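Everything on this sheet refers to the single structure shown next.
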Amino acid sequence: MESDIELMMRAKTGDDNAFTELMRRHYKSVMNYIYRFTNSRENSEDLAQEVFLRVYRSVTRYKPEAKFSTWLYKIATNVCLTEVTSKSRVKTVSLEEVQENTGDLKDSNSTTGYDLIYRRDIRDSIFEVLKSFPERERISIILCKYEGLSYDEVAEIIGCTVGAVKTHVHRGRIKLIEKLKPFLEERGLK
C-alpha cells in the first residue's frame, strides 16, 4: 500500500486517482475533527469539502517535509478557525441530527434511547466547555485526544513547541474536569 506522501506526489503529477485515494483515507477523520470544532454536521461536511478543495489547489506546492496528516490537519485547523471567527450562524438541530450525532459522526454503538441521550448530553457539555477555551488549548485537546495526533504533530500544526502543546493539553484537561463536575454530579457520577 502506498504511503500518503507517495500518493500526494502522484497527485502532484496530475494523478486524480491518487488524490481520490487520499480523500478516501482521510475524509471521515477530517470531517470528525471539524465536527468536534463546530458541533454541526452540515457545517462539517461543507468544511471538510473546503479542506480537500484547498489540498487539491495546493497539490503542486506540496513538499513532503512533514507527515501528510500533519499538513492536512493544519489546513483543517485553518478552515475551522476561519469558520469560528466568521459571522455567527443560527444553530438549528434536527431530530435526525440528535439521533445520529452521539460522538463521532455516524456513531451507532449505543443501543438504548437513554444511552443516546446521555452520550449526546456529555458530548454537548464537552463542546460547550471547549468553546470557552483559548484557541491553542482547544486545538491541542481535539487533535491529541480525539484525532490521536502526537504532541510533535500538534506543535507543528499550531506553530509552537512540544512542551507548549503538553501544557495546553494538561491545562485543558484540568479545566474540562473542573467545568464538567457539575454535569457529572447532577447525574450522580461524581
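Of the residues making up region 133-152, those that are closer than 13 Å to Tyr73 by Cα and either in contact with a strand residue (DSSP E or B) (Cβ under 8 Å, 6 or more places away or on another chain) or hydrophobic (A, V, I, L, M, F, W, C) (or both) are Ile139, Ile142, Leu143, Cys144, Leu149. Are any residues in region 1-50 hydrophobic (A, V, I, L, M, F, W, C) and over 12 Å from Ala76 (Cα atoms), and if so, which ones? Passing the criteria: Met1, Ile5, Leu7, Met8, Met9, Ala11, Ala18, Phe19, Leu22, Met23.
Only one of the numbered conditions (1) of a type in the set (Lys, Arg); (2) within 20 Å of Arg41 (Cβ to Cβ); (3) under 14 Å from the mean Cα position of the chain (by Cα) is not met by Arg119, and that is (3).
Within region 130-153, residues that are over 16 Å from His170 (Cβ atoms) sit with their Cβ atoms under 7 Å from residues that are modelled with pLDDT under 90 and in a loop (DSSP other than H, G, I, E, B), at 6+ positions apart or across chains, in these pairs: Glu153/Lys67.
When you scan region 48-60, do you find a residue that is out of contact with any helix residue (DSSP H, G or I) (no Cβ under 7 Å at 6 or more places or on another chain), loosely packed, with under 15 Cβ neighbours inside 10 Å, of a type outside the set (Gly, Ala, Ser) and at pLDDT below 90, even just one? For region 48-60, residues out of contact with any helix residue (DSSP H, G or I) (no Cβ under 7 Å at 6 or more places or on another chain), loosely packed, with under 15 Cβ neighbours inside 10 Å, of a type outside the set (Gly, Ala, Ser) and at pLDDT below 90: absent.
Here region 132-154 is the region considered, the condition is being touching a Phe, Trp or Tyr at 6+ places or on another chain (Cβ under 9 Å) and among the charged types (D, E, K, R), and the residue that is farthest from Tyr35 (Cα to Cα) is Glu153. Are any of the residues in region 149-168 surrounded by fewer than 19 Cβ atoms within 10 Å (Cβ to Cβ), modelled with pLDDT under 90 and not charged (D, E, K, R)? Scanning region 149-168 turns up no residue that is surrounded by fewer than 19 Cβ atoms within 10 Å (Cβ to Cβ), modelled with pLDDT under 90 and not charged (D, E, K, R). Residues of region 66-103 that are within 19 Å of Arg138 (Cα to Cα) and at pLDDT below 50: Ser88, Gly103.
The values are calculated or read from the model by the stated rules, or taken from the named source; none is laboratory data. These figures come from a predicted structure and were not determined experimentally. Virtual Cβ from ideal backbone geometry, glycine too; neighbours counted across all protein chains shown.
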